[in-house]
1. Taking the range 96-137, which residues are free of Cβ contacts under 8 Å to residues at least 40 places away in the same chain, more than 14 Å from L78 (Cα to Cα) and either in a helix (DSSP H, G or I) or in contact with a Pro (Cβ under 8 Å, 6 or more places away or on another chain) (or both)?
2. Which condition number does T72 fail, the rest of (1) under 15 Å from L10 (Cβ atoms); (2) among the hydroxyl-bearing types (S, T, Y); (3) without any contact (Cβ under 8 Å) to a residue 40 or more places away in the chain being met?
3. Of everything in the range 121-130, what is surrounded by fewer than 19 Cβ atoms within 10 Å (Cβ to Cβ) and within 15 Å of I2 (Cα to Cα)? Give them in sequence order.
4. Does any residue of the range 40-54 turn out to be among the aromatic types (F, W, Y), within 15 Å of the chain's Cα centre (by Cα) and more than 19 Å from F126 (Cβ to Cβ)?
5. Regarding the range 82-97, can at least one residue be identified that is at pLDDT 95 or above and either within 18 Å of R8 (Cα to Cα) or among the acidic types (D, E) (or both)?
6. Restricting to the range 110-120, name every residue that is surrounded by fewer than 18 Cβ atoms within 10 Å (Cβ to Cβ) and out of contact with any helix residue (DSSP H, G or I) (no Cβ under 8 Å at 6 or more places or on another chain).
7. Say whether the condition of being under 18 Å from the mean Cα position of the chain (by Cα), at pLDDT 95 or above, under 25 Å from R123 (Cβ atoms) and surrounded by 15 or more Cβ atoms within 10 Å (Cβ to Cβ) is met by at least one residue in the range 14-36.
8. Just name the residue that is surrounded by the most Cβ atoms within 10 Å (Cβ to Cβ) out of those in the range 48-91 that are in a strand (DSSP E or B) and hydrophobic (A, V, I, L, M, F, W, C).
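The values are calculated or read from the model by the stated rules, or taken from the named source; none is laboratory data. Please read all numbers here as calculations on a predicted model, not as lab measurements. Counting neighbours? That spans all protein chains shown, and the Cβs are built from the backbone with ideal geometry, glycine included.
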Amino acid sequence: MITAVDARVLFDVFLADPTHGRPPPKRSGLACRWAALVVCEVVWAETAAVFDEEENFVERMGRLAIRLMPSTMGALWLAGQRWRAFWAGGGGGRDRVVADFMIAAHASKQCHRLLTRDRGFARACFDGLVLIDPSRG
């Protein structure tokens, strides 16, 4: 089973978020718990921003067994269509950028589920996308 991972979950791991982060010994269990872990280009770039050296970033992602899975044209098309519909419908009163839609569309088209703490947005805009909140067990 392929699990897409949102950047917020990785921030919790790499930045040791006091609420959502896991203590260092358990971090390596992320891959075992969620099967094959992948990220799209947006999540890769967002997560890279917390590191000063590319080698360290790539090594840490590798330790978690997280690999880059580039988005397909179909996933990018879906992201664009859902983004347009979101804004045509008034945007739900929230600021959302196309990157949020790219992450959810990538998971929807290319993976089995999305590991994220941002359940409301993805649930509302991507029917059928299985969402897993790591803070809920």
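1. Passing the criteria: R119, G120, F121, R123, A124, R136.
2. Failed condition: (1).
3. Once the filter is applied, which keeps residues that are surrounded by fewer than 19 Cβ atoms within 10 Å (Cβ to Cβ) and within 15 Å of I2 (Cα to Cα), the range 121-130 yields only V130.
4. Yes, the range 40-54 has at least one match.
5. no
6. Matches in the range 110-120: H112, R119, G120.
7. Looking for residues that are under 18 Å from the mean Cα position of the chain (by Cα), at pLDDT 95 or above, under 25 Å from R123 (Cβ atoms) and surrounded by 15 or more Cβ atoms within 10 Å (Cβ to Cβ), one finds none in the range 14-36, hence no.
8. I66
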